Amino acid sequence: MSIPYWRLSGFYFFYFATVGSFIPYWSLYLKDAGYNPAEIGQLSALLIGTKIIAPGLWGWLADRSGKSLFIIRLASFFAAMLFAGFLFFQGYLWFAVITVGFSFFWNAALPQFEAATLFHLKDQPHRYSQIRLWGSIGFILAVLGVGRLLDVYPIALLPAAITALLVGIWLVSLLVPDARPSHHGEEAEGIWKIVTKPAVLAFWLVGMLMQSAHAPYYVFYSLYLKNHAYSSTLIGGLWALGVVAEIVLFVFMKPLLARVSLRHILLCSIFLAIARWQLIAWCADNLWLLLLAQLLHAASFGSTHVAAIHLVQNYFGSRHQGKGQALYAGLCMGLGGMVGSLYSGYFWELLGGELVFAIGAASGCLAFLAAFIWIGREKAEAGQGLG
């Protein structure tokens, strides 16, 4: 069976075009709606916090029922419908309710689609980065387009634009063919035994610390740059530059995986992430250093994410892949992101943006230490084992 390259890529394109319209500008929208930094941090924590529960629940249902594609389509449909509520309701309580409802379904789709993509790729997992790069292209087009739009039109139009992209995700999901995992010859290992291995426990810790370090960037980077007198167009350009660097990395990821172990990719990525948060913290008035910091997005997110996806695949195998991707989304992206959103929201005015990004760098240092001690020492985790 041939790989449905363009249909898989199309889902990533629309999904991350939505992310590119949402993440860089939602805090600006919330500020325009009258919310203070603490409230923005709380709403962002609610958005991310549902990842702690939702992906695990959906992953369990997907692995148990074998209907992961149906779950992806269902989640995409209800995410679009619920997000449309921002067009009609106002007030903190309504925003909180809609955020929780929308994100419960929104956070279900991507982990299961990651698993479905790997099922389609079968013995060609190195092609994952070639498909995932279309998500980065979608992000770039969206972040630049919306940045330009907001320099001309009021930011109140943002929820309508995001709703349209969410509908696009659902429509593309209808075109993606189903794929079933192959369990032939694979020994069944209990999920609890996998989850509690020392290397896997360390992997959760590293993922949570890295996502916690990214949270100030996702929640407050645009506001941070606005406070340093950058225009919306330039802010969008800086976001886009980071993802351009990510695309270049994805292009070269296949030969990199063939030559370098996942352990070394992960350690180098974390080290460069620490440097990135320090540059953003202390060099925001220097555009050239900010440009360098954005190029490091290729490491802080791009290669870190690819290494993590492959590690989950190695740890959990095909029998538990849906649950493994869901746990990665829930514990790392969800719990780590929620903690990062909360501390960045509460400390933003108390300590200032510089120190909040410096805390992110400190989280990266702890992640590097944990990864160095525990992750990737076994031969099964080496890049050569990825086929």
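The values are calculated or read from the model by the stated rules, or taken from the named source; none is laboratory data. Quick caveat, the model's predicted, so the values are computed rather than measured. When we count neighbours, we look across all protein chains shown, and the Cβ atoms used for this are built from the backbone with ideal geometry, even at glycine.
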If Cys283 satisfies all but one of (1) surrounded by 19 or more Cβ atoms within 10 Å (Cβ to Cβ); (2) farther than 24 Å from Pro125 by Cβ, what's the number of the condition it fails? (1)
Residue pairs qualifying under the 8 Å Cβ cut-off, at least six apart or on distinct chains, with the first in segment 252-264 being more than 13 Å from Arg132 (Cβ to Cβ) and the second being at pLDDT below 90 and among the charged types (D, E, K, R), are Ser261/Glu381; Leu262/Glu381; Arg263/Arg377; Arg263/Glu381
Number of positions in segment 227-248 that are in contact (Cβ under 8 Å) with a residue 60 or more places away in the chain and crowded, with 16+ Cβ neighbours inside 10 Å: 10
Residues to consider are Phe89, Phe95, Phe119, Phe105; find the one that is under 19 Å from Ile72 (Cα atoms) and touching a Phe, Trp or Tyr at 6+ places or on another chain (Cβ under 9 Å). Phe105
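Against the condition in contact with a Leu (Cβ under 6 Å, 6 or more places away or on another chain) and in a helix (DSSP H, G or I), how does Ile131 come out, does it pass?
Working: in contact with a Leu (Cβ under 6 Å, 6 or more places away or on another chain): yes; in a helix (DSSP H, G or I): yes.
When the stated conditions are applied, Ile131 passes them.
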Qualifying residue in segment 24-44 (condition: more than 16 Å from Ala96 (Cα to Cα) and buried (at least 24 other Cβ atoms within 10 Å of the Cβ)): yes
